[in-house]
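Reading through the structure tokens given below for one structure.
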Amino acid sequence: MNLDAGSSLSLRRTLRFGEWLLLLMTVLIYVLDGASTPGLIVKCVAFSTLFFCLSFILPLDRPLWQRRAYIASEMVMIGIAIASRVEFSFLLFLLLIKACFLLTRREVILTSITGGIVWLAGFAWIYPSLRQGQLTEFDGITLQSDLYITLLHALLYYTSGSIFVLLLGFVIMVERESRQRAEALSQEVEVLGAKLERLRIAREIHDSLGHTLTSLGVQLEVAQKLRDRDLTKSFHSVDNAALLASQCLQDVRQLVQTMRWQSSFNLNEALREQVEQIRQQGIATQIDVNLPALSLQSSYQLYCVLKEGLINIQKHAKATQVKLRGVVDSDAIVVTLQDDGQGFDLEQPLTGCGLPGMQERVELLGGTLKISTSSHQGTQIKIVIPYDSSARR
């Protein structure tokens, strides 16, 4: 199993401290047991020191062949320790736990079988000493007069212990894998959220500042061209540019406040101001909006959609009349924006971001946007957004 750096370090420490504690308890048992000979105590301390040193090189993040070599070498040394009459059978179970993190599941099963063989072989080797009562540390195994019956008891002892250890190890592995997958998914969601946020900011800048700055540039170009021929019209263009600059500043403030969720936003009033700007351009307007109070984000999204539509009318429609109507109809908010301009062909590929941005905003609100237009027949934009009036009371 592949472990990240933090997870590998935590697991290594846990296994290491657990092994140290078991080794220390084993040494104390041999030292305090009056039946233990000095030779056995020396062997116990020597093997404990060896396993203590090996615990520092647990190869969790090493190549597979090194992990296999580590398990095999510990298995051999455990067999030698048992054959040397030192009761280190608990290390076999600890080794199975390590194998769960170092090897594949098939190799873990093979390790368990090999451990059973090593356990039985070592037990058969020390059987004569057990019969003579010289090794009280192995009293956990029931001795019989027949070696094969005794080995059967030893096998049952090892099998029950190893099954429990393997099940525990596999459960831990599944939990760790699930947690790692959850962390990976969390990182993917975070990256996706950052991408969506960048797209949202780009859409906000395009819809709130892009058109206003474009109009500002046009007004300044007109003022430059007319300054030597008609100062009155030139000054008029400069005045319009000043209004547009003020609108840019207002848009920036509104955008920042909306992102911070710190401002109230009167959607009906904002739409009336936007329509008034169109009226000042010489286009006849009719407005009938009486929309209910929505959340700040919903109000601002709907405002940006309609503002985009009104600006498109100014720039492209060559319209003489504009109608804006917004009402609550049953369980939905219905807003229509209609002009009598030249229209356009919906089948033609789109060259800008305006209409796709409008569609994206409406979809964020869970609504639908329908555009009806044809050449020289004007355009109608209809927006339908779900609205639960009872939830607002």
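Worth pointing out:
- With distances taken between every two different alpha-carbon atoms, the stretch 30-129 has a Kirkwood hydrodynamic radius of 14.3 Å.
- Sequentially through the stretch 105-121, phi angles give Karplus couplings (6.51, -1.76, 1.60; θ = phi - 60°) of 5, 5, 5, 5, 4, 4, 4, 4, 5, 4, x, x, 5, 4, 4, 5, 5 Hz, Gly and Pro residues having no value and appearing as x.
- In order along the stretch 165-179, the Karplus-derived 3J(HN,Hα) couplings, from 6.51 cos²θ - 1.76 cosθ + 1.60 at θ = phi - 60°, round to 5, 5, 4, 4, x, 5, 5, 4, 5, 4, 5, 5, 5, 5, 5 Hz, and Gly and Pro are given as x.
- Spatially proximal lysines relative to K382 (Cα-Cα < 23 Å; intrachain offsets below 8 disregarded): K307, K315, K318, K323, K370
- Backbone amide hydrogens, once placed in the peptide plane, bring T285 within less than 5 Å of V322, excluding anything fewer than 5 places away on its chain.
- The stretch 266-393: Cα Rg divided by the 2.2 N^0.38 Å rule of thumb: 1.03
All of the numbers you see were taken from the coordinates with simple rules; none came from a lab. Quantities reported herein were computed from a predicted structural model and do not represent experimental measurements.
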